[in-house]
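Participant: Below: one structure in C-alpha cells.
Values in this text are rule-based calculations from the coordinates and carry no lab data. The model shown is predicted, which means the values in this text are computed figures rather than measured ones. No Cβ is skipped: glycine too gets one built from the backbone with ideal geometry, and neighbour counts run over all protein chains shown.
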Amino acid sequence: MTGLFKILIVDDDADYRETYRMLLVKKGYIIAVASSAEEAYKLMDREFYPLIISDIMMPGVSGVEFLKEVKDKYSKSIEVIMVTGYGSVETAVQTMKLGAFGYFIKSHNPEELILEIEKVHKIFSLQNVNEINKNSKKSRYLYTSKNKQMQRVYEMVEQVAESNSNVLITGESGVGKEIIANMIHDKSGRSNKPFIPINCGYFSTGLIESELFGHEKGAFTGATTRRIGHLEEANEGTVFLDEIGDMEEGTQVKLLRVLETRQIERIGSNKLIDVDFRLVSATNKDLVKAVADGKFREDLFFRINTIEINIPPLRQRKEDIEDLIYFLLNRYNKEMGKGITDIDENTKQQLLNYNYPGNIRELKNIIERLVVLSRGNTLKDELFKSSRLLNNDTEEKETNNKLSSYKEAKKNFEIEYIKEVLKSCNNNITHAAKQMDISRRQLFNKIVEYDLKEYSNDTN
Ligand SMILES: Nc1ncnc2c1ncn2[C@@H]1O[C@H](COP(=O)(O)OP(=O)(O)OP(=O)(O)O)[C@@H](O)[C@H]1O
C-alpha cells in the first residue's frame, strides 16, 4: 500500500538522499528532500509530511534537535524515523524516548527501512490526516480580517473552493497568496489529495517543463531515471503555480494545451496521459500589462483567471496589523517557549505605523526577530536598534531625509541576505543556494547582478 503518502528525507549527504529518494519513488511514495533542518522547515511550512526520515548527524541543527522541533512546533502526529551510522546507534535509541518512531542503520538492508515506512503508513491510513493537517495550519495563520477587501477575499475563497474553476491570485510579494491558495485547496473537495506548489521563477525553461510534465529515462542528458511531473503527481489535487508571470512563452503554450485537453506528454514520450488537477496561479506582476507587452499569452491569461482574487497590501489594511502582531507574538511565544505577555506601548505604535513594503512576510520576520531577542516578559522598543528592518524606516529617514524606493529596499535586503548566507556556507554557492531554497543558477545570476563575487569561491 503506497497511495499518495508523502515523505520528507532530511540528510546533508546528497548521495544518500538521492539513493533513498529513488528507492522510495519506485515504491510509489511522494518524496521531498532537504539537505538540512532549516531547508526542511521551509518545506514543512508549505506542506504537511506525515513521515520524515532524518539523519542524526547533520551540520547546523542536529537530527536530535530537529526531531524535538518537529514534535514541539509542528505536530506530535508527524512520525520521524532517524537514520544513523554504527557510531551513533546509542543516540538513535535515545531518540525514541523523544518520540522518534524508530531508527535505521545506514549499512543495513534498505528493506528494513521500507518495512518501518509501511508501518507508519498503515497507522496513518487509519487516522484522519486531514484534520491533523488543518489543525496544525490553524495555529500558524490568522484567517480573519477587519478589512472589507480582505473579508471579500475570504468570502470568495468559500465561494470558489467547491468549483473547479481556475483561480488567479494577484497581490504584492508577501501578502499571503500561497496561504490563500492553500485555503482554497483545503476547503475544496480535493482536500484529501495533494496540494503541490511550484514556483515558476525558480526554474530554467527546460527544468520547469520537466517539473510540470515529467520526463522519460534518457529524454535528455542527465535524465537517468523516469520522473513523474507535478501535474501528473497532483492526481485529483491542486497545483499552485506561483510567479506564473515568469513562465517562458514555450512553456505557456504547453500549459495552455494541457488546460484545454487535460492530457500531458512526458518529455521524451509521445504517449498522452490523462491528468486531473485544479489550477490556482499567482503573480505579483501586472499580467494585463505583460499581455499588452507581448510577454504573456492572452489565451493563457484568459484560461488561468476564470476567477481573480486580489489580495491588498498590508499598508492598505492597517486595521489588521494589531491582530496580526498579537497572533504572531503568541505563535512565536509558544514556539520558542518565551513568556512574553505584553508589548511596550511605544514599540506597538512603531509596529502599527510602519509601512511594511514586504507585507505580512516582513511583519512576521520582525516579530520573530523581536521574540528571539527579547529577555523579559514585555517586547521593548529598544530592541528595534537591533532590527535592521525597522531601522530602514526610522534612522535612515532621519539621516537621509528620504525613504528608499521599494525596489531599492528590496535590493539592499537581498544583498545583505545573500552575503550572510554565503558567509554561513563558507562562500560555497551550491550550499548557499540550497539553504535559500533557490536554484544555483538563480543565485549565481544574483551574485553577478550585485557584484558579490568576492563573497563566493566558485563563480562559474
Ligand atoms: N494570514 C496569515 N497569517 C499569518 N502569517 C501569514 C498569513 N499570510 C501570510 N503569512 C506569512 O507571510 C509569509 C508570506 O506568505 P506567502 O508566501 O503566502 O505570500 P506570497 O504572497 O505568496 O509571497 P510571494 O509572492 O513572495 O511568493 C508566509 O511565510 C506566511 O507565514
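Participant: How large is ³J(HN,Hα), in whole Hz, for each residue of segment 231-238 in order, when computed from phi with the Karplus curve 6.51 cos²θ - 1.76 cosθ + 1.60 and θ = phi - 60°, using x for Gly and Pro?
Facilitator: 5, 7, 5, 4, 6, 6, x, 10
Participant: Compute for segment 130-234: radius of gyration divided by Kirkwood radius, i.e. Rg/Rh, restricted to C-alpha atoms, rounded to two decimals.
Facilitator: 1.06
Participant: Related question: Amide H to amide H under 5 Å from residue 311: which residues, 5+ apart in sequence or cross-chain, H placed 1.01 Å off N in plane?
Facilitator: Result for residue 311 returns 170, 171.
Participant: Rounded to the nearest 20 debye, what is the charge dipole size of segment 151-310 about its Cα centre when +1 sits on each Lys and Arg Cβ and -1 on each Asp and Glu Cβ?
Facilitator: Numbers: 19 positive and 26 negative charges, 71 e Å.
For segment 151-310, the charge dipole is close to 340 debye.
Participant: A further question follows. Sequence gap at least 6, Cα distance under 8 Å: using those rules, report the relative contact order of the chain to the nearest whole percent.
Facilitator: About 12 percent, as a whole number.
Participant: Please tell me the relative contact order of segment 6-128 in percent, rounded to the nearest whole number, where contacts are Cα pairs under 8 Å and at least six residues apart.
Facilitator: 20 percent
Participant: Let me know the charge dipole size of the chain about its Cα centre in debye, to the nearest 20, where only the beta-carbon of Lys, Arg (+1) and Asp, Glu (-1) is charged.
Facilitator: In total the dipole reaches around 500 debye.
Participant: Return the percentage of antiparallel bridges among DSSP beta bridges fully within the chain, rounded to the nearest 5 %.
Facilitator: Numbers: 5 of 43 bridges.
Within the chain, antiparallel bridges account for around 10 percent of the total.
Participant: Gain in length, residue 416 to residue 346, computed as 0.36 nm per residue apart minus the alpha-carbon separation, to one decimal in nm?
Facilitator: Full-extension gain reported as 22.4 nm.
Participant: Plugging the Kirkwood radius over Cα pairs into Stokes-Einstein for the chain, at a temperature of 10 °C and a viscosity of 1.306 mPa s, what D comes out in µm²/s?
Facilitator: Translational diffusion coefficient: 66 µm²/s.
Participant: Okay, moving on. What's the FRET efficiency of residue 97 with residue 292 using the Cβ-Cβ distance as r and R₀ = 45 Å, to the nearest 0.05?
Facilitator: 0.10
Participant: Another one. Under a point spin-label approximation (7 Å from Cα along Cα-to-Cβ), what is the residue 223-residue 439 distance to one decimal in nm?
Facilitator: Distance between label points: 1.5 nm.
Participant: If you don't mind, there's one more thing I want to ask. Quick check for me: using +1 on Lys/Arg Cβ and -1 on Asp/Glu Cβ, what's the dipole size of segment 406-455 about its Cα centre, in debye to the nearest 20?
Facilitator: Its charge dipole is roughly 160 debye.
Participant: Percent relative contact order of segment 151-310, based on C-alpha pairs within less than 8 angstrom and at least six residues apart?
Facilitator: On the way: 289 pairs, mean separation 53.0, N = 160.
Rounded, it is 33 percent for segment 151-310.
Participant: Using helices alone, what [θ] at 222 nm do you get for the chain, with -39,500 (n - 2.57) per DSSP H run of 4 or more residues, divided over all residues and rounded to the nearest 500?
Facilitator: So the helix-based figure for the chain works out to -13500 deg cm²/dmol.
Participant: Separation between the residue 423 and residue 139 pseudo-spin-labels, each 7 Å from Cα along Cα→Cβ, expressed in nm?
Facilitator: Here the answer is 3.4 nm between the modelled labels.
Participant: Considering only DSSP states other than H, G, I, E and B, which trypsin sites (Lys or Arg not before Pro) in segment 20-100 qualify as loop sites with at most 10 other Cβ atoms within 10 Å?
Facilitator: 97
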